[in-house]
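The values are calculated or read from the model by the stated rules, or taken from the named source; none is laboratory data. Remember, predicted model here, so these are calculated numbers, not experimental data. As a convention, Cβ positions derive from the backbone with ideal geometry for all residues, glycine included, and neighbour counts pool all protein chains shown. When the accessible area is computed, the model is the full protein with side chains, heavy atoms only, and any ligands, DNA or RNA have been set aside. Shrake-Rupley method; radii C 1.70, N 1.55, O 1.52, S 1.80 Å.
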Amino acid sequence: MDQFIELFENLINPEWIIPHGGLYLLLIIIFAETGLFVGFFLPGDSLLFVAGIYGGLLSNAFYDVPFFLIMFMIAVAGVLGNFVGFWFGRKSGPLLFSRKDTLLFKKKHLYQAKEFYDKHGGGAIFLARFLPIIRTFAPIVAGIVGMDKKKFMFFNIISSFTWVFSMMLAGHYLDKAFPSLKEHLELIVIILILITTLPVIIKLFFSKPKHASPPHVD
């Protein structure tokens, strides 16, 4: 029980996740954050950046596989997460929009993702990958509105590999350029969270909520 509590308390702490769960926990978190609506609070961007900094340790702890393969596996986890979200959206449809809010489910996130999808079309799947909360719900909404599966998978794969590789390579090479980077991880994580979540926070608190009708699917 104590270990479970410790895990829950540190789910948003990349510095704890890397040494305690390694690649396995990292894969689970990326999978959950990119397709399961209960994973919207997980630290995808900052976790990937810190994983890039500790890429060598991750490789050594996982049979000394190349760093490129580590990134590849994480990107695949992101692809699978989005696909599960898309499948869930297709199966559940408008029922989600009539569901009552709970601690882990907020209907406003679905409306926010739908508005984003309506504005950007298929490219929303790519753009959403770089926005916390939105990236969790965008594939679900894509499934609800009946987006073509081949089109979805194209943007899903491209976005996941771009997101994972850019974040991890940024951490990897910045650490090489600035060896003291590890000494300021807390500050870096805070800055990353602010940069990535600020647009979402502004949208949530300063835009007028839309009360659109749930999408109709046959």
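Given a 1.4 Å probe and the protein chains as shown, LEU169 ends up with an accessible area of around 60 Å². Per-residue surface analysis assigns ILE157 an accessible area of about 70 Å², computed on protein heavy atoms at 1.4 Å probe radius.
By its C-alpha gyration tensor, with a ≥ b ≥ c as the square roots of the eigenvalues, how is segment 73-126 shaped: rounded for a/c under 1.5, else prolate for a/b larger than b/c, else oblate?
Because a/c hits 1.5 or more and a/b fails to exceed b/c, segment 73-126 counts as oblate.
Each of LYS106 and TYR173 was given a label point 7 Å from its Cα along the Cα-to-Cβ line. The distance between the two points is 3.5 nm. Each of LYS107, LYS149 has its accessible area taken with a 1.4 Å probe; listed largest first, they run LYS149, LYS107. Annotation note: chymotrypsin sites (Phe, Trp or Tyr not before Pro) in segment 13-75 located in DSSP loop regions with a Cβ neighbour count of at most 11 within 10 Å are TYR63.
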